[in-house]
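Since the structure comes first, as structure tokens, the remarks are kept for the end.
The values are calculated or read from the model by the stated rules, or taken from the named source; none is laboratory data. Just so you know, these numbers come straight off a predicted model, no measurement behind them. Neighbour counts are summed over all protein chains in view; Cβ atoms, including those assigned to glycine, are modelled from backbone coordinates with ideal geometry. Surface areas here come from the heavy atoms of the whole protein model, side chains and all, with no ligands, DNA or RNA. Shrake-Rupley method; radii C 1.70, N 1.55, O 1.52, S 1.80 Å.
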Amino acid sequence: MRKELRFGFGLMAIIIAATAILMPAPSEWTGGHLGLLMLALVVVAIMLGFPTAFTLMGMGVLFSWLAYRMQNPDIATQQTLDLMVQRAFSVMTNDVLISIPLFVFMGYLVERANLIEKLFKSLHLAMARLPGSLAVATLVTCAIFATATGIVGAVVTLMGLLALPAMLRAGYDVRLSAGVITAGGCLGILIPPSVMLIVYGATAGVSVVKLYAGAFFPGLMLAGLYMLYVILVAKLRPDMAPPLPDDERHVELPPSTAGVAKQYGQRALPALLAALKGPRNAGVATGTIMRQLFVTLLPLIAVAVALTAIHGNLTKADAVADVLPDSLQSFDSDYSSGGDLAEPPADEGGLQEPPADEGGLQEPPADEGGLQEPPAADGLAEPPSTGGDLAEPPGAQSAAPSLAEPAAAEAAAAPAEVAEAKSAPRGFWIAVAVCAVLMLAYYAMLSFERLEIFKMLLSSFFPLAILILAVLGTIVFGLATPTEAAAIGAFGGALLAAAYGQLNFGVVKESVFLTAKTSAMVCWLFVGSAIFSAAFALLGGQELVEKFVLDLDLTPIQFMILAQFIIFVLGWPLEWTEIIVIFMPIFIPLLAHFNIDPLLFGLLVAINLQTAFLSPPVAMSAFYLKGWRRRT
């Protein structure tokens, strides 16, 4: 702790010294220099331990009053108060922020449904043959839990409770175990639904849907790289991650399953089928064997349903007009589906003359108040009307059948043409063959122990997978906004907690309290950031920064590298909240000059900001893990 304090005070001294050196003499100060002084004071105050939101708000109000006072001292106080109200109201009317309490509430409910303990145990058994299986299972659990919650502190704390004792008992190195938990827990800052991405989207004016779609693959890729690193370490240094003993890989079978396995063999599917046809079902109730057989066949049923749906989509017949000849398409567009000739549009009870190039009805020339026969080439005549005053012009009876007869002949041949045109492509049947081979290999290796592990995954992994797909799938495919998807997730989290018997008054009360605490922190941060950014702009600090950066004459790549390096360094002493709400409003206006997409910049920032949770002296992930160790 003393080292951390010395580092913090040393860094503050460096900031103050650099500000004093770079700032001109007080007699030459402008509003922009006051803005830079305000920025330096905010960083120093945060490092001294003052609350971030109220530090931003207090500095913003003070320097806004100074900025207005330099313009008109008489109304400076009134303008400052008006600015506070307007900025707070703008934050309250931001619809994107509604999704934050809903996502947070979903995460706390999932955390208290005790799904993670079952998920870690089942993944640990499923990956027992991999080198460093405990660490790999920890990373997979962290990635899934991060996808379901998006709360870094909750993931690190819970995995410290579940995975760290198990890895230490198995002889894993302490540094590797702690690194796996802290690094895996930080995936929640990147993998959707991430609260940080919502905050960045609201700050930069970027679509949260696009941020979620863009951050999903980098988050999974980073989790995969962590797993690859653990496997390599376990291969090269077995002393740091020793393999599991055989007794920890063994799964105890229930009595009914053990009897079937003893009499008919360890392969699950043939043994269950033989027991179903054997004498007295091997002493097991028929309903029990049928349930076991249904669970065993679930992967096959799921693959069959998916392939059937894909085949139906690939072979679904298009609209008839898509495959009909041109003459029949024009006939179908000009006439109704019942075969009657379409009536031209009427305007105030009369006939309206359509354009000539559309091939519709044309008004026949009038001569002495009567209607004459229109030319046969000009179009089709109106069919007889029972109550109209206009008589059917001659030639209509001959014109309509002349076009209708070939149309009817082509319509009769159309279904055959549709059936021939839509067939499944060769790639689909190749996929069917691959799935068939995989299913044969799966059932050839499926023993009763593996079946028990699959049941554990079925009760822990798949409910979370369905919840994740329901939330992220509706966002990515445009079926719902992030706020609506967050509401679905909160409802799904409540259903999961109820399904596992954890939805009681105490759990709901604690979840609501923690949700309100987190949401209030984020909203106050936004209010403080809005006032601080307004004061910085009023003083001209933004213009001074832009002028300095533009004078460097950087290329877009050089600016991107410089910005990411600054964020990387800021991630050591500051949390991601301070970096997003304080420094992003400084960088974002410069992106347009360098033709950099704010979406790409935000994704790089999200990847880079994991240093805010992993790097000293702050390293919040390490503090979460250390705090849990102290409590235990």
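Numbers below:
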read-out	value
Residues of the range 100-119 satisfying the condition of being in a helix (DSSP H, G or I) and among the basic types (Lys, Arg)	LYS118
Filtered residues of the range 300-317 (kept if more than 18 Å from VAL437 (Cα to Cα) and among the hydrophobic types (A, V, I, L, M, F, W, C))	ALA309, ILE310, LEU314, ALA317
Exclusive hit being small (Gly, Ala, Ser) and at pLDDT 85 or above, set ALA413, ALA441	ALA441
ALA487 vs. criteria modelled with pLDDT under 85, of a type in the set (A, V, I, L, M) and either part of a helix (DSSP H, G or I) or open to solvent by less than 60 Å² (accessible area, probe 1.4 Å) (or both)	no
Scope the range 239-251; condition touching a residue at least 60 places away in the same chain (Cβ under 8 Å), in a loop (DSSP other than H, G, I, E, B) and of a type outside the set (A, V, I, L, M); matching residues	ASP239, PRO242, PRO243, HIS250
Positions within the range 54-78 being within 18 Å of GLY541 (Cβ to Cβ) and of a type in the set (S, T, N, Q), in sequence order	THR55, SER64, GLN71
Restricting the range 440-451 to residues that are of a type in the set (A, V, I, L, M) and in contact with a helix residue (DSSP H, G or I) (Cβ under 6 Å, 6 or more places away or on another chain), the residue that is surrounded by the most Cβ atoms within 10 Å (Cβ to Cβ)	LEU451
Members of the range 490-503 found to be open to solvent by less than 60 Å² (accessible area, probe 1.4 Å) and in a helix (DSSP H, G or I), listed by number	ALA490, GLY492, GLY493, ALA494, LEU496, ALA497, ALA498
Some residue of the range 104-112 being open to solvent by 10 Å² or more (accessible area, probe 1.4 Å) and β-branched (Val, Ile, Thr)	no
Filter result for THR93 (more than 15 Å from VAL522 (Cβ to Cβ), in contact with a Phe, Trp or Tyr (Cβ under 8 Å, 6 or more places away or on another chain), hydroxyl-bearing (Ser, Thr, Tyr) and surrounded by fewer than 18 Cβ atoms within 10 Å (Cβ to Cβ))	no
Residues satisfying the stated conditions in the range 502-557, i.e. at pLDDT 85 or above and in contact with a Pro (Cβ under 7 Å, 6 or more places away or on another chain)	THR515
Hits in the range 75-119 - residues which are farther than 30 Å from LEU164 by Cα and among the basic types (Lys, Arg)	ARG87
Selection status of VAL180, over 17 Å from the mean Cα position of the chain (by Cα), open to solvent by 20 Å² or more (accessible area, probe 1.4 Å) and not acidic (Asp, Glu)	no
Residue count, the range 565-585 (criterion: open to solvent by less than 20 Å² (accessible area, probe 1.4 Å) and touching a residue at least 60 places away in the same chain (Cβ under 8 Å))	7
Wholly within the range 143-235, helices (runs of 4 or more DSSP H) carrying at least 2 residues that are free of Cβ contacts under 8 Å to residues at least 12 places away in the same chain	152-169, 174-185
Options MET84, MET127: the member that is open to solvent by 10 Å² or more (accessible area, probe 1.4 Å) and closer than 30 Å to HIS250 by Cβ	MET127
Scan of the range 504-525 for residues that are within 23 Å of GLY58 (Cα to Cα) and open to solvent by less than 20 Å² (accessible area, probe 1.4 Å), ordered by number	SER519, VAL522, LEU525
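Residues checked against (1) assigned to a helix (DSSP H, G or I); (2) surrounded by 14 or more Cβ atoms within 10 Å (Cβ to Cβ); (3) modelled with pLDDT under 80:
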{"position": "GLY35", "(1), (2), (3)": "yes, yes, yes"}
{"position": "ALA45", "(1), (2), (3)": "yes, yes, no"}
{"position": "ALA53", "(1), (2), (3)": "yes, yes, no"}
{"position": "ILE75", "(1), (2), (3)": "yes, no, no"}
{"position": "GLN78", "(1), (2), (3)": "yes, no, no"}
{"position": "PHE89", "(1), (2), (3)": "yes, no, no"}
{"position": "LYS121", "(1), (2), (3)": "yes, yes, no"}
